[in-house]
Amino acid sequence: MSFIQVNNVWQEYGDQIVLERLNLIVREGEFCTLVGASGCGKSTFLRLLLGQERPSRGQILLAGQPLVAEPDASRGVVFQRYSVFPHLSVLDNVAIGLELPRSPLLGRLFGSAKHEARERAAELLRKVGLGHALDKYPSQLSGGMQQRLAIAQALITRPRVLLLDEPFGALDPGIRKDMHALLLELWRETGLTVFMVTHDLSEGFSLGTRLLVFDKVRHDPHAPNAFGARITYDIPLNSDRRAALPAQLAERLQPQLQGA
Ligand SMILES: Nc1ncnc2c1ncn2[C@@H]1O[C@H](COP(=O)(O)OP(=O)(O)OP(=O)(O)O)[C@@H](O)[C@H]1O
Ligand SMILES: [Mg+2]
């Protein structure tokens with residue numbers, strides 16, 4: 001059963017074609033990692049999935065319906081950094097995700113609804129390992145803690161799709177490993193459908209169920225903007241094959257990712 005369906009999607013900015021002829025079917029609960037050279041359109045693709053931008057051509061369906069024009073609670077997003085509100089405490093950063101949609105004018109809930117929202121936020125924060133830091137502000141957190149906060153913020157509305165744009169790119173390798181474990185645990189528990197952009201090919205292979213490689217297949221040296229990237233490899237990963245794949249394919253993929 002297709003959950004997300006990308007039908008002949010193109011994205012163009014002026015005379016620059018960034019993405020061309022994207023076709024993809026993703027089942028609910030899949031975990032797709034996206035790799036490709038810098039500037040090839042991976043973040044653009046996530047913005048299309050988020051509904052922040054509409055494709056120049058083609059259509060994206062979510063559960064059989066065209067994507068609504070605005071980002072909504074069905075999709076959560078985490079960027080590489082700076083996606084949390086610096087002036088709000090850790091608890092408020094997450095609780096606001098429940099408060100804003102229900103009370104758009106005031107941005108606040110009252111009484112038992114407020115209590116319930118804050119309790120849910122605190123519970124999720126405990127789950128991502130920030131139970132001891134509810135009253136801290138983002139500037140008082142380490143990079144890894146800020147990304148835990150960003151993940152909690154993205155998940156509080158119980159989205160069905162989680163979009164991650166190089167979420168761990170700025171973290172030390174040891175912290176990154178912890179974040180991988182956390183993300184896999186959350187993914188297994190929630191049945192979320194995940195799209196995660198990474199510059200790290202081994203991260204792309206070791207997390208997730210499917211690796212999507214974005215690359216330009218056509219080049220015109222006289223018109224560098226004339227052709228966009230497509231999905232050139234779509235590689236199923238499962239825990240048995242994962243270990244074997246990097247050696248076979250890394251050599252073929254690495255040249256495409258150079259400059260990434
Ligand atoms: N809103 C926009 N207006 C004009 N051009 C844009 C816009 N957004 C992206 N682009 C262009 O689209 C191309 C792809 O950008 P995008 O950020 O999606 O690449 P990326 O694969 O995420 O790169 P990186 O790996 O460096 O993050 C770039 O050439 C960029 O300049
Ligand atoms: Mg990007």
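The values are calculated or read from the model by the stated rules, or taken from the named source; none is laboratory data. Because the structure is predicted, anything quoted here is derived from the model rather than measured. Accessible surface areas use protein heavy atoms only, side chains included; no ligands, DNA or RNA. Shrake-Rupley method; radii C 1.70, N 1.55, O 1.52, S 1.80 Å.
For the chain, what % of the accessible area comes from carbon and sulfur atoms, probe 1.4 Å? The C+S portion of the solvent-accessible surface of the chain is 52 percent. Remark: the chain projects, on average over all directions, an area of 15.2 nm² (convex hull of Cα atoms). Here the relative contact order of the chain, from alpha carbon pairs under 8 Å that lie six or more residues apart, stands at 28 percent.
So if each residue of separation counts as 0.36 nm, and I subtract the Cα-Cα distance between K177 and W10, what length gain in nm does that give? Residue separation times 0.36 nm, minus the Cα-Cα distance, leaves 56.6 nm.
The share of C-alpha pairs in segment 169-218 whose separation exceeds 14 Å stands at 58 percent. You can think of it this way: the chain between R188 and S142 has 14.0 nm of extra reach, that is 0.36 nm per residue less the Cα-Cα gap. In the context of the full set of protein chains, residues of the chain present 49 Å² of accessible surface per residue (probe radius 1.4 Å, heavy atoms only). Only helices enter the 222 nm calculation for the chain: every DSSP H run of n ≥ 4 contributes -39,500 (n - 2.57), and dividing by all residues gives -11000 deg cm²/dmol, rounded to 500.
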